[in-house]
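Throughout, read-outs are computed from the coordinates displayed, never taken from laboratory work. Predicted, not measured: the structure shown is a model, and the values here were computed from it. In this analysis, Cβ positions are derived from the backbone assuming ideal geometry, glycine residues included, and neighbour counts consider all displayed protein chains.
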Amino acid sequence: SLETRPPHPGLIRQKEAETNQQLKMVRKQLRRDIDFLENAVTWTNILVMPSISEGLPAAVIEGMACALPVVGSDIPGGMSVLVREGKTGLRFRKGDAADLERKLERLIRNPGLRQKLGGAARKLIDAGEHDRWTGVRNERILTNLEKLAHLQKKNGKELWIRTPLIPGATLSAAN
């Protein structure tokens, strides 16, 4: 049989000291990263989102929450709900670099417009517009899932769906 003995108290103190030193280094780096990010937002004047496909982009929500005007592509979905031409930002034709350049130049040359659009963007996020869009979208998904479950039941197959859209909810044809 193997006999186990507790580690020597000196070894425990040494490991604690090493761990504490590592934690100090991690905290120091984390503080530098946080400071950099806070400063980066302060240095930023415009958020550009040249996506060719997007749902509800978190980067746009975060930028708008920081009162940044957004220049985004004219793709459907959440971007079209959040980036309202001339109100909360500017839209450019997807894949059109010249159009993107014109929109950026317009904002770069006009600090008053940047401030106006950024302020409106912040108000839109503060009002929870992104949450309303997500809620409507989730309702549509749930409705379609319910229809699918009933169709499966009609075809003699049981279908159970667990969804993170509503915590604890389970959809089935029996509902």
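Per 0.36 nm of contour for each residue apart, how much would the distance between Leu56 and Leu11 grow if the chain were fully extended, relative to their Cα-Cα spacing? Could the numbers behind the result be given before it?
On the way: separation 45, 0.36 × 45 = 16.20 nm, distance 5.18 nm.
Full extension from Leu56 to Leu11 adds 11.0 nm.
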> In sequence order, what are the phi-derived ³J(HN,Hα) couplings for the stretch 60-75 according to the Karplus relation 6.51 cos²θ - 1.76 cosθ + 1.60 with θ = phi - 60°, rounded to whole Hz, with x for glycine and proline?
Replying inline: 5, 4, 5, x, 5, 5, 8, 6, 9, x, 10, 10, x, 5, 8, 7
> Considering the dipole of the stretch 46-115 built from charges on the beta carbon (Lys and Arg +1, Asp and Glu -1) around the Cα centre, which of Leu90, Gly112, Met79 is farthest to its positive end?
Replying inline: Gly112
>> Just to check I understand the Karplus step: with θ = phi - 60° and J = 6.51 cos²θ - 1.76 cosθ + 1.60, what whole-Hz values come out for the stretch 77-85, glycine and proline as x?
In response: x, x, 4, 5, 6, 8, 8, 9, 3
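Could you tell me which trypsin sites (Lys or Arg not before Pro) in the stretch 62-131 are loop residues by DSSP with no more than 10 other beta carbons within 10 angstrom of their beta carbon? It would help to have the intermediate numbers written out before the result.
Working: sites: Arg84, Lys87, Arg91, Arg93, Lys94, Arg102, Lys103, Arg106, Arg109, Arg114, Lys116, Arg122, Lys123; in loops: Arg84, Lys87, Arg93, Lys94, Arg109.
Hits after loop and neighbour filter: Arg109.
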